[in-house]
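A.B. asks: Below you'll find the structure I mean.
The values are calculated or read from the model by the stated rules, or taken from the named source; none is laboratory data. Everything numeric here is computed off the predicted structure, so don't read it as measured data. All Cβ positions, even for glycine, are placed from backbone atoms using ideal geometry, and neighbour counts span all protein chains on display.
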């Protein structure tokens, strides 16, 4: 448990965070806990790579983190493809994917147009 009175250098190394009485282990790659209202994911970026599977959802976002949040909030999402470049209006194409590069490594390809984000 993270203590407020712990020395700063100890707190920085600690991976446990608290929200009310809910304890979150930040070492896990993905956490979806609808009962306690906790959800997060740690994503690894794979620049100019694309997982060539059918998207669950394809939408546009203004910021990279919005795509990650959409994935965490969708129970069937395990990775995302994000356009490498914004469109003329400043939007970024975000694809929520039902799989990851580990389960479909043969479909994990080079791409000049996308970056892939997999859950660590």
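A.B. asks: Can you give me the ranges of the strands (runs of 3 or more DSSP E) entirely in the chain with at least 1 residues that are at pLDDT below 90 and more than 16 Å from the chain's Cα centre (by Cα)?
C.D. replies: Ranges flagged: 16-19, 22-25.
A.B. asks: List pairs: first residue in segment 53-74 and more than 21 Å from residue 105 (Cα to Cα), second residue part of a helix (DSSP H, G or I) anywhere in the structure, Cβ distance under 8 angstrom, at least six positions apart or on different chains.
C.D. replies: The qualifying pairs are 59/70; 61/67; 61/70.
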